[in-house]
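Below is one structure, written out as structure tokens; the observations come after it.
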Amino acid sequence: MNREPVTSLKGIGEKTGGLFRRLGVETVEDLIHNYPRAYDAYEPALPIGQAKEGKVCTICGQLVKEAALRQFKNMQIVVTAVKDLTGSMQLAWYNMPYLRTTLQMGKILVFRGRVVRKGNRLAMEQPEVFTPESYGEISGSLRPVYGQTKGLGNKAIAKAVAQALKSREVETEYLPERLRKKYRLVEYPCAIEKIHFPANQEEMLGARKRLVFDEFLFFLLAVGLWKEKRQDWKSRYPMGPVRELECFQKNLPYDLTGAQKNVLAEVQEDLASGAVMNRLIQGDVGSGKTVIAVMALLQTAFHGYQGAMMAPTEVLAKQHFQSIQELFASQGIEKRVVLVTGSMTAREKRLVYEQIARHEADIIIGTHALIQEKVVYDKLALVITDEQHRFGVGQREALGQKGARPHVLVMSATPIPRTLAIILYGDLDISVVDQMPAGRTPIKNCVVDTGYRDRAYRFIEKEVAAGGQAYVICPMVEESEMMDAENVLDYTKQLRKKLPPGIRVEYLHGKMKGREKNQVMEQFASGEIQVLVSTTVVEVGVNVPNATVMMIENAERFGLAQLHQLRGRVGRGERQSYCIMVDSSGEEDTRKRLDILNRSNDGFYIASEDLKLRGPGDIFGQRQSGDLAFQLADIFTDADLLKAVSEEARRLREEDPLLEKEGHRALKQKLEEYLGLSYEKLSL
């Protein structure tokens, strides 16, 4: 592995290195594995009459006027027009006066760029210019599109990747030849090169298939190890029913649903069985998983043990902490609940650590800070992770080692069809909360085109005036030279102009520092911010009952399951809530797909429909589902490959549990890199 800093590459100094770090790229190895998020295809030219507003199109025609040079303030604008048998289009370039020599009237040229509307006609701004012959040479080729940041564009990233690939040591193939032949997988070094710079779609799909296969295989081998390690464990903390818990349940301000009661019974049976519990609770947003977790923690505390719950964000951890404290206070329960987060001061942490070590704390709520070395527990009997797919096998192992084989309960609101859940969560028994509490008002949904935006803004304004709040989701953080989609930073500026000054509009995205993100999320949760423009970072991690509007821009770029997850951020209070999905594609098939969300609020039904609808063409058209820690793999698009890899992982574990055979040693070494610890250590 090339652990040289990215600044070791020619032309990348400290400043550019800092921009790469914003993308999570520290080393040359990171850069090589920073895969394209999409590809720009040089497709055959369209008749001008078929060019669509808002799309990147290629047209071919004859220039019908001399290129004119106009001066506007400090800008020089070259303007001309192109025509074919189906129509004409105006063309404009900014600060590129030298193009006038190329743009001669009567010449037939190819132009490629984004189509925009200027008054009552369509135009192209800053299009690439080709002769028909030169465009013919690249027609059908693919150009990688990377995640970008301000000051670091796609061309610079692609150039750095090309240099890194050229200077790298060619990796040794590690996948057994039997598997490569059976599934017609390209060799790993070739896959790494072609995922960045494929000559055509066939090469790209071949490279992607190989890398997705590897991602699934490593993940499932790790899950298999974890399962074998835990399945025969006897529990040091058997916990039968306690009378106090029955009283707690009776005094809740609501009745548990039948589904909640069934899952609670399964959890209690596990805790009393004498074996170590290892269970997943799946349930839609708002189905009532958290109260089951709280009751399991309380049962643990009444038995004299400690229980811990790990949340994916500080804001959610604080919300869990506060709601549990309030619930206990309302029922006179004297069990001590404490909070551990990364943003606490050193003194605050030290005091909490002392309380945990002395068993003055019965229930510990927190983030990843719960697994730090300084946290020492006393009789940690139950570990609960919320939104499990945000935590890797190594993190689960670290938290589990904090106690003497504690019970493990995992919660997830991510709707995954049961057939896939059994594979992905192979080390866990699965419970499903498939019933919503009575009295919840269904979210009202609508799918609209971009022409609806102004009406949507007026609607948000009205909801805020009535005391509500709104989310607006964009697919990108900032503008990209290659991707035609809304971005958080520009959208926030635009929305601040569109809405009255009394409405506070702020943004949130994954590139912000942890403290900044927490501050924004807390201010939104408290109502100080009325409209939050965000990427999908809000998919988990904050509960705002006051939020009544979810507006999702470029909804066509998201999978149905993820759209449903985002929609679940609203509808958490008593007021009617709304989800507005803006479809920018103009495609009938896309509208039909999104209409499934109009017809149902059932996450598991939607996930199963998503599974049916995904195909090879959806690999980059929709955002990946976000489930688990996969870079390229998508459990919906790649469901068939996931099932096949599941069988191969099982066979490998049966034939060679420690991967000691001659043909498996290289795979073992690669798997250890993936795990970040030795294979034997996880096997113990």
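Looking at Arg515, Arg440, Arg496, Arg455, just one residue is open to solvent by 40 Å² or more (accessible area, probe 1.4 Å) and under 20 Å from Asp583 (Cβ atoms), and that residue is Arg455.
Pairs linking a residue in the range 342-364 that is closer than 20 Å to Thr385 by Cα to a residue that is of a type outside the set (S, T, N, Q) and surrounded by fewer than 14 Cβ atoms within 10 Å (Cβ to Cβ), with Cβ atoms under 6 Å and 6 or more positions apart or on different chains, are Tyr353/Lys374.
Matching residues to (1) within 23 Å of Thr300 (Cα to Cα); (2) of a type in the set (Asp, Glu):
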{"site": "Arg210", "(1), (2)": "no, no"}
{"site": "Ala222", "(1), (2)": "no, no"}
{"site": "Asp232", "(1), (2)": "yes, yes"}
{"site": "Lys250", "(1), (2)": "yes, no"}
{"site": "Pro253", "(1), (2)": "yes, no"}
{"site": "Asn262", "(1), (2)": "yes, no"}
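I want to confirm something. Restricting to the range 328-366 and keeping residues that are part of a loop (DSSP other than H, G, I, E, B) and of a type in the set (Lys, Arg), which single residue is surrounded by the fewest Cβ atoms within 10 Å (Cβ to Cβ)? Top of the filtered list is Arg358.
With respect to (1) farther than 30 Å from Ser139 by Cβ; (2) surrounded by fewer than 17 Cβ atoms within 10 Å (Cβ to Cβ); (3) in contact (Cβ under 8 Å) with a residue 24 or more places away in the chain, the lone exception for Gly13 is condition (3). Being touching a residue at least 12 places away in the same chain (Cβ under 8 Å), in a helix (DSSP H, G or I) and not β-branched (Val, Ile, Thr) is a condition met by at least one residue of the range 421-444. Among (1) farther than 16 Å from Gly274 by Cα; (2) open to solvent by 70 Å² or more (accessible area, probe 1.4 Å), where does Asp232 come up short? For Asp232, the exception is condition (1). Looking across the range 163-178, the residues that are more than 20 Å from Val212 (Cα to Cα) and either crowded, with 17+ Cβ neighbours inside 10 Å or among the acidic types (Asp, Glu) (or both) come down to Ala164, Arg168, Glu169.
Check whether at least one residue in the range 179-188 is among the β-branched types (Val, Ile, Thr), modelled with pLDDT of 95 or more and open to solvent by 30 Å² or more (accessible area, probe 1.4 Å), and report yes or no. For the range 179-188, residues among the β-branched types (Val, Ile, Thr), modelled with pLDDT of 95 or more and open to solvent by 30 Å² or more (accessible area, probe 1.4 Å): present.
Among the residues of the range 16-25, the one identified as part of a loop (DSSP other than H, G, I, E, B) and open to solvent by less than 20 Å² (accessible area, probe 1.4 Å) is Val25.
Would you confirm whether or not the range 293-310 contains a residue that is within 24 Å of Ile430 (Cβ to Cβ) and polar (S, T, N, Q)? So far as the range 293-310 goes, yes, one or more of its residues are within 24 Å of Ile430 (Cβ to Cβ) and polar (S, T, N, Q). Residues of the range 379-396 that are part of a loop (DSSP other than H, G, I, E, B) and either open to solvent by less than 50 Å² (accessible area, probe 1.4 Å) or modelled with pLDDT of 95 or more (or both): Glu387, Phe391, Gly392. Of the listed requirements (1) buried (at least 18 other Cβ atoms within 10 Å of the Cβ); (2) at pLDDT 90 or above, Met476 misses just one: (2). The residue that is modelled with the highest pLDDT, among those in the range 403-428 that are farther than 28 Å from Ser235 by Cα and either open to solvent by less than 20 Å² (accessible area, probe 1.4 Å) or hydrophobic (A, V, I, L, M, F, W, C) (or both), is Leu420.
Screening Lys250, Lys227, Lys209 for residues that are within 24 Å of the chain's Cα centre (by Cα), basic (Lys, Arg) and open to solvent by 20 Å² or more (accessible area, probe 1.4 Å) leaves exactly one candidate, Lys209. So Ser235 fits all but one of (1) touching a Ser or Thr at 6+ places or on another chain (Cβ under 8 Å); (2) closer than 29 Å to Glu672 by Cβ; (3) modelled with pLDDT under 90; what number is the exception? Single failed check for Ser235: (2).
One residue stands out in the range 140-162 among those that are open to solvent by 50 Å² or more (accessible area, probe 1.4 Å) and out of contact with any helix residue (DSSP H, G or I) (no Cβ under 9 Å at 6 or more places or on another chain): the one that is nearest to Ala207 (Cα to Cα), namely Lys159. Check whether at least one residue in the range 90-101 is charged (D, E, K, R) and over 42 Å from the mean Cα position of the chain (by Cα), and report yes or no. Within the range 90-101 (the criterion being charged (D, E, K, R) and over 42 Å from the mean Cα position of the chain (by Cα)), the answer is yes, since at least one residue qualifies. The residue list Gln325, Gln268, Gln260, Gln299 contains one member that is within 19 Å of Val542 (Cβ to Cβ), polar (S, T, N, Q) and either in contact (Cβ under 8 Å) with a residue 24 or more places away in the chain or in a helix (DSSP H, G or I) (or both), which is Gln325. Being open to solvent by less than 40 Å² (accessible area, probe 1.4 Å), without any contact (Cβ under 8 Å) to a residue 40 or more places away in the chain and over 30 Å from Glu648 (Cβ atoms) is a description that applies to Val294.
For Leu316, the stated conditions do not hold, so it cannot be described as in a helix (DSSP H, G or I) and surrounded by 23 or more Cβ atoms within 10 Å (Cβ to Cβ). On the stretch given as the range 653-673, residues that are surrounded by 18 or more Cβ atoms within 10 Å (Cβ to Cβ), assigned to a helix (DSSP H, G or I) and touching a helix residue (DSSP H, G or I) at 6+ places or on another chain (Cβ under 7 Å) total 2. In this structure, is Ala311 under 23 Å from Tyr237 (Cβ atoms), touching a Ser or Thr at 6+ places or on another chain (Cβ under 7 Å) and either open to solvent by less than 60 Å² (accessible area, probe 1.4 Å) or at pLDDT below 90 (or both)? Yes.
Among the residues of the range 122-139, just one is without any contact (Cβ under 8 Å) to a residue 24 or more places away in the chain, under 18 Å from Val78 (Cα atoms) and open to solvent by 60 Å² or more (accessible area, probe 1.4 Å), namely Glu128. Looking for something among the β-branched types (Val, Ile, Thr) and in a strand (DSSP E or B) - is there at least one such residue anywhere in the range 159-180? No; the residues of the range 159-180 include none that is among the β-branched types (Val, Ile, Thr) and in a strand (DSSP E or B).
The values are calculated or read from the model by the stated rules, or taken from the named source; none is laboratory data. Computed from a prediction, not measured in an experiment: that's the story for all the values here. Please note: Cβ atoms are built from the backbone with ideal geometry, for glycine as well, and neighbour counts cover all protein chains shown. For accessibility, only protein heavy atoms count, side chains too; no ligands or nucleic acids. Shrake-Rupley method; radii C 1.70, N 1.55, O 1.52, S 1.80 Å.
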